[in-house]
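Beneath this line is the structure, given in structure tokens, with notes to follow.
The values are calculated or read from the model by the stated rules, or taken from the named source; none is laboratory data. Please read all numbers here as calculations on a predicted model, not as lab measurements. Note: ideal-geometry Cβ built from the backbone for every residue, glycine included; neighbour counts use all protein chains shown. What goes into the accessible areas is simple: the full protein's heavy atoms, side chains included, and nothing from ligands, DNA or RNA. Shrake-Rupley method; radii C 1.70, N 1.55, O 1.52, S 1.80 Å.
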Amino acid sequence: MRASTTTSYKERMNRVLIHIYQNLDESLTINRLAAVACLSPFHFHRIFSAHVGETVTSHVRRLRLERAATRIAFTGVSIMDTALAVGYETPAAFARAFRERFGMSPSEFRSQQRITIPPFTGNSTMREIIVMKPEIRECSETKVLFVRKTGAYNEAASPAWEALLCFACKNCLMSDGTEMIGIGHDDPDITAEEKIRYDACITFSGEVKPEGEVGVQTIGGGRYAVFLHKGAYAGLKEAYCDIFAGWLPASGCTLGERPVFEKYLNRDAGNTKPENLRTEIWIPVS
């Protein structure tokens, strides 16, 4: 396959993956997604499977069930409403699919999550982020360039940033106003490690044409609870645990459908001492 053809397919698959994620609550037929990719349904199905590693049907079903699992674990939305929101016509059909994916019923999963999520204990490493109230901000839609890599977050982030910053520097896209954003789409306790998706993103001005694995997406606007994490990136996992197990249940807020994202405030993180790193954690709420 020619390099130009491979690049074109990567651009098309990026468009499709973003479209799927933004429209999980709608009907996502092969014909509809093939039209997004500007390919025939027959060729689209084969190309998608080759690039993503699973069929279109399997990919959509998995994302819907994992979104449902997140709702069940971290919100008070009823299981019936959750089933309808992710495209199942009856709770029974949803329960069967959920048990097949997670090995237990939705209600068992909710009970288990409440038991296994560690309660907030106010330990010294996380006391600062929990004691301080998050800043509630209204954010407008933000268009970003991104590169997506899959795998454990601590393994996927580095190659994603390397590829994105190489493209940005080559095209003179970095400026003092450029924001560096990371989107972790999946919960490692729900999604298999090899399927976890991480997007390295930068804001940009003007028009930039997607190229190969570098795509364009829009981070949704709306209300966010913004926490400031001080310290090494390795501590982010504990920060999220304390936010979701400690702050969210007592906040009166409902977790929004938009993805959680991080803003990295240190432009030269590689030359910054870990204790001086600053990361904003943006949690969508309603």
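Quickly run through segment 209-241 and pick out the residues that are of a type in the set (Val, Ile, Thr), buried (at least 16 other Cβ atoms within 10 Å of the Cβ) and more than 22 Å from residue 135 (Cβ to Cβ). Result: 214, 216.
Close Cβ contacts (under 7 Å, 6 or more residues apart or on different chains) running from residues in segment 32-45 that are closer than 14 Å to residue 8 by Cβ and surrounded by fewer than 17 Cβ atoms within 10 Å (Cβ to Cβ) to residues that are modelled with pLDDT of 90 or more and of a type in the set (D, E, K, R) comprise 38/12. Of all residue pairs spaced 6 or more apart or on separate chains, those with beta-carbon atoms under 6 Å, a first member in segment 76-105 that is hydroxyl-bearing (Ser, Thr, Tyr) and a second member that is in a helix (DSSP H, G or I) and open to solvent by 30 Å² or more (accessible area, probe 1.4 Å) are 82/71; 105/95; 105/99.
Taking the conditions (1) surrounded by fewer than 17 Cβ atoms within 10 Å (Cβ to Cβ); (2) aliphatic (A, V, I, L, M); (3) at pLDDT 95 or above; (4) more than 30 Å from residue 250 (Cα to Cα) in turn, residue 174 satisfies each one other than (3).
One line per residue, one yes/no per condition, for (1) surrounded by fewer than 18 Cβ atoms within 10 Å (Cβ to Cβ); (2) modelled with pLDDT of 90 or more; (3) assigned to a loop (DSSP other than H, G, I, E, B); (4) in contact with a Leu (Cβ under 7 Å, 6 or more places away or on another chain):
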site: 62; (1), (2), (3), (4): yes, yes, no, no
site: 68; (1), (2), (3), (4): no, yes, no, no
site: 80; (1), (2), (3), (4): yes, yes, no, no
site: 112; (1), (2), (3), (4): yes, no, no, no
site: 136; (1), (2), (3), (4): yes, yes, no, no
site: 144; (1), (2), (3), (4): no, yes, no, no
site: 149; (1), (2), (3), (4): no, yes, no, no
site: 161; (1), (2), (3), (4): no, yes, no, no
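Of everything in segment 6-24 that is more than 11 Å from residue 51 (Cα to Cα) and of a type in the set (Val, Ile, Thr), the residue that is most open to solvent (accessible area, probe 1.4 Å) is 7.
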